[in-house]
Amino acid sequence: MIENILSQVPSPVWLAIFFVALALVSNRIKTAINRSKGAAPAPQDVRKAGQESEWNDLNEHHTPHLRGTRSSMTTDPTARLLAPSFPYALCNGDTLNVLSVSDPAATKEMLKRDWDITDRKQLLRQLYSLLRDGHREDFAFLRKRCANQSWAEAEISRLRKTADVSTQDWERLWQIHRFQANDRGLQSLEFAAWDFIRAANLTRAGASAGWLSEDEAFDTLAAINRALQSYYSSWDETWEAFRTTRWLWAAEGQAREAANDLHDRNRGEFLLGKNGVWTAIPWDAPYPAPRFLLLDALGEIGALRLLSSANWEDASAWERDLDTQARTRAPMSIGGKPIVN
């Protein structure tokens, strides 16, 4: 009886059933492959908010490109050196464990547009700034000022009375409110990951532009890894510091804030989820000790700056480490004294 029923099904119907089944199997295979690369299905709250489509787009956007397998990165010193650059490499479509970038022309344009970097000297100076103090110094200073309630109230009042509030003033007002509320744990947050991960991205970009040699680039990445390990004890801690400081830095209003949060939540899955790329690389995996070739290059152009005695007292262990290395390379002024600030 069943054979009779099946024999009466028209050929076009069988063909349609075949293609539907093929599509379902193909989709399952694609989903399995994507999950093996770190993609996660949209969380329940994301689906409930009607953002499943955006999440799936981010899964495509952040799908990692690797040379070899994810597990091979566990014992690969090159992957360990490049690991701090992974957050941006995921967004840029770069092969994570290779120094080169996917689109050198676009990367060079990014350097000019976002950083005003158009040559080697500018790149060296910007990398040094990020490693030496960066935004973390500004945020730490603002946090300290906000602890003074009188100052914070006066500053808020001043900014609110401004007839034509600039974007910078609006961001400052927003940040003061966030510090006062200890939003996202800002009172105890270490901001350094924001500077160091951006420095890793600039290092890859600078090498692709030809402004850093491969040796200089990998040595600078070694210094960045050393810096991160002086502030943090895990990839999880590093990521939390980076994404929270990025949120503080952006200050772009509620709509943009929600989009950024979704973006970084998805990016975090590819870094630290079940099959995340950072989880494949032990935090304490060995890598070559930095020789601080960046400081050698900065010394050649007279761009090294040394900490003053007062600033040394407030400096972190990493900042003292960097300053100690700089002192062995610093040129002397006409009076015979190192340049300090």
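Laboratory data are not the source of any read-out in this text; all were calculated from the coordinates shown. Small disclaimer: the values here were computed from a predicted structure and weren't measured. Glycine also receives a Cβ, built like all others from the backbone with ideal geometry; neighbour counts cover every protein chain displayed.
Numbers at a glance
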item: Dipole-positive endmost among 135, 98, 211 within segment 55-303 (Cβ charges, Cα centre); result: 135
item: Segment 181-220, dipole about Cα centre (Lys/Arg Cβ +1, Asp/Glu Cβ -1), debye to the nearest 20; result: 240 debye
item: Label-point separation, residue 116 to residue 255 (7 Å along Cα→Cβ), nm; result: 2.9 nm
item: Spin-label proximity, residue 182 to segment 114-156 - amide N less than 17 Å from point 7 Å beyond Cα toward beta carbon; result: 143-149
item: Distance cut-off 31 Å, percentage of C-alpha pairs in the chain lying past it; result: 44 percent
item: Span from the segment 203-259 Cα centroid across to the segment 116-147 one, whole angstrom; result: 12 Å
item: Magnitude of the charge dipole, the chain, Cβ model with Lys/Arg +1 and Asp/Glu -1, debye to 20; result: 80 debye
item: Rounded to 10°, Cα long-axis angle of helix 11-36 versus longest principal axis of the chain; result: 30 degrees
item: Helix axis angle, 149-161 relative to the chain longest principal axis, alpha carbon, degrees; result: 70 degrees
item: Structure-based [θ]222 nm, the chain - -39500 (n - 2.57) summed over DSSP H runs of at least 4, per residue, nearest 500; result: -20000 deg cm²/dmol
item: Trypsin sites (Lys or Arg not before Pro) restricted to DSSP loop in segment 54-148 with at most 11 other C-beta within 10 Å; result: none
item: Approximate spin-label separation residue 75-residue 329, in nm, with each point projected 7 Å along Cα-to-Cβ; result: 3.3 nm
item: Total lysine pairs under 28 Å (Cα atoms) in the chain, excluding pairs fewer than 8 apart on one chain; result: 9
item: FRET efficiency estimate (nearest 0.05) - Cβ-Cβ, residue 95 to residue 57, R0 22 angstrom; result: 0.55
item: Backbone HN-Hα couplings from phi across segment 223-236 [Karplus 6.51/-1.76/1.60, Hz, Gly and Pro as x]; result: 5, 5, 4, 4, 4, 4, 6, 7, 9, 10, 10, 6, 5, 4
item: Rounded to 10°, Cα long-axis angle of helix 52-62 versus longest principal axis of the chain; result: 60 degrees
item: Counted charge near residue 217, where neighbours are those whose Cβ lies closer than 13 Å (Asp, Glu -1; Lys, Arg +1); result: -1
item: Contour minus Cα-Cα distance for residue 166 and residue 141 (0.36 nm per residue); result: 6.9 nm
